[in-house]
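Asks: Below you will find the structure I want to go over with you.
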Amino acid sequence: MYDFQYIISTLAFSFDVVGAIILTLAGIIILFRIFDAEFISRKRNSHRALRRNFTHHINFALEFFIAGDILRTVIAPDIQSIMKLGAIVAIRVVLGYVLSRESE
């Protein structure tokens, strides 16, 4: 039987991988849509919608990264890891807020 730390660290890694996949796929899709808007369909006014869409994907990926960090803190809940988690979550929350305000 697997031990608790192994399961939690695997789940945390899985959340990080999902966040990275979301960011990577969103970036690739947005690049193709920008290429389409600039060179194929000539829709120059669609950049705002593309930017908003990409911002939403970034916020969604940040949620997965935060979940991974929370799970890592469950494994080793010392004061240093809790402070590190607090700083990471605060930075990501501020970043998420700024990105969501920008997309509006």
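The numbers here are math on the coordinates, done by the rules we state, and not lab data. Please read these numbers as outputs of a predicted model, since none were measured by experiment. Positions of Cβ are backbone-derived with ideal geometry, glycine not excepted, and every protein chain shown enters the neighbour counts.
Asks: Only helices at least 27 Å long along their axis, Cα-based, and averaging 1.6 or more on Kyte-Doolittle count here, so list those DSSP H runs from the chain.
Replies: 4-35
Asks: How much length is gained on full extension from Phe39 to Thr24, taking 0.36 nm per residue of separation minus their Cα-Cα distance?
Replies: Numbers: separation 15, 0.36 × 15 = 5.40 nm, distance 2.25 nm.
Length gained between Phe39 and Thr24: 3.2 nm.
Asks: Next question. Exposure proxy check: Ser41, Ser46 ranked by fewest other beta carbons within 10 Å?
Replies: Ser41, Ser46
Asks: Taking the Cα centre of the chain as origin and charging only Cβ (+1 Lys, Arg; -1 Asp, Glu), how large is the dipole, in debye to the nearest 20?
Replies: In total the dipole reaches around 640 debye.
Asks: Would you please name the trypsin sites (Lys or Arg not before Pro) within segment 17-104 that are DSSP coil residues with at most 13 other C-beta atoms within 10 Å of their C-beta?
Replies: Those that pass, being in a loop and sparsely packed, are Arg42, Lys43.
Asks: Quick one: Asp36, Asp16, Asp3, fewest Cβ neighbours within 10 Å first, how do they rank?
Replies: Asp3, Asp36, Asp16
Asks: Of the residues Phe65, Phe13, Phe35, which exhibits the maximal mean-square fluctuation in a Gaussian network model of the chain defined by a 10 Å Cα contact cut-off?
Replies: Phe35
Asks: Starting from the alpha-carbon convex hull of segment 1-62, give the projected area averaged over all orientations, in nm².
Replies: 4.8
Asks: Sort all Cα-Cα distances of the chain into consecutive 10 angstrom bins from zero, then give the percent of pairs in each bin up to the one containing the longest distance.
Replies: Binned Cα distances yield the sequence 15, 34, 27, 15, 7, 2.
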